[in-house]
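Read the structure below first, then the notes.
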Amino acid sequence: PEDCFRINTTGPELLSGACQSRGIPFVTFSSDLVFDGQLGRSYVEDDPTSPAGVYGRSKAEAEERVLARHETALIIRTSAFFGPWDQYNFLRGTLDRLARGEDVAASDRTIISPTYVPDLVHATLDLLLDGERGIWHLANEGSISWHGLAREIAGRAGICPRKIRDRIHDSAADEGARGIVDTSLASTRGQILRPLGGALADYLAHAESLPTV
């Protein structure tokens, strides 16, 4: 926890203060995990934070500290990001395991808003250049479970999804016992990113060294 807060909270706070004192615009990234997923719908920018874990608490506190230090800071909340050059995201891991004939366990009760990194970067730069400030939600349009996302990328890649299974939750404290956990993001400030389907197609077209079966 100490390292988590030092990196995710104190780091952005100090950077925002340094930028404020020099008149430099500042942007930082937050997370859908500032929410606990119990609202029953996608979250928008004005919804109160309700983090369920240490990581989410570190990000929620970072938002408060950054805005206190730099009144025109831009804070981007995003979710489940994936990119064509990243070898360690969920999509790549899913395709690699399926290509090796391994099972993939993914929750059908956790709903997220996957975000394609090139789309995220372009939109963030546009907002920064336009002088936008405060909290924005940037994720590709649409929401899906981790299980649904695994099946979707497998189908698009032409890989049989039969080895994708629902993750089984045994503990009374986990998300399976609590029902659906939906931390998907929507926006009242403007839906800037395109629908998820187009982003997944681009990922498959541009990702480096995808496995083949």
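Against the main long axis of the alpha-carbon atoms of the chain, helix 146-157 sits at an angle near 60°. Subtracting the Cα-Cα distance of E2 and S21 from their residue separation scaled by 0.36 nm leaves 4.2 nm. Mean separation of Cα pairs under 8 Å and 6 or more residues apart, divided by the residue count, gives the chain a relative contact order of 27 percent. The peptide list 145-151, 134-140, put in order of mean Cβ contacts within 10 Å with the highest first, becomes 134-140, 145-151.
A Förster radius of 45 Å combined with the Cβ-Cβ distance from D130 to I180 puts the calculated FRET efficiency at roughly 0.80.
Does the range 1-45 classify as rounded, prolate or oblate by the C-alpha gyration tensor (a ≥ b ≥ c root eigenvalues; a/c under 1.5 gives rounded; else a/b over b/c gives prolate, otherwise oblate)? Because a/c hits 1.5 or more and a/b fails to exceed b/c, the range 1-45 counts as oblate.
Here the range 84-194 exposes an accessible surface that is 50 percent carbon and sulfur, computed with a 1.4 Å probe and the other protein chains kept in place. Computed from Cα positions, the angle between helix 54-69 and the longest principal axis of the chain comes to roughly 30 degrees. In this structure, E208 and D103 have a Cβ-Cβ separation that, at R0 = 25 Å, corresponds to a calculated FRET efficiency of about 0.50. Residue ranking by accessible heavy-atom surface, 1.4 Å probe, largest first, among L98, L204 comes out as L204, L98.
Of all DSSP-defined beta bridges confined to the chain, some 10% are antiparallel rather than parallel.
Relative to the first principal axis of the alpha-carbon coordinates of the chain, what is the inclination of helix 196-206, with its axis defined by its Cα atoms, in degrees from 0 to 90 and to the nearest 10? Rounded to the nearest ten degrees, it is 80. Using heavy atoms of the protein chains and a probe of 1.4 Å, the accessible area assigned to Y43 is about 10 Å².
Legend: Rg and Dmax of the chain, from Cα coordinates, 18.0, 56 Å. In the context of the full set of protein chains, residues of the chain present 50 Å² of accessible surface per residue (probe radius 1.4 Å, heavy atoms only).
The values are calculated or read from the model by the stated rules, or taken from the named source; none is laboratory data. None of the values given here were measured: they were computed from a predicted structure. Note: ideal-geometry Cβ built from the backbone for every residue, glycine included; neighbour counts use all protein chains shown. SASA here: full protein model, heavy atoms, side chains in, ligands and nucleic acids out. Shrake-Rupley method; radii C 1.70, N 1.55, O 1.52, S 1.80 Å.
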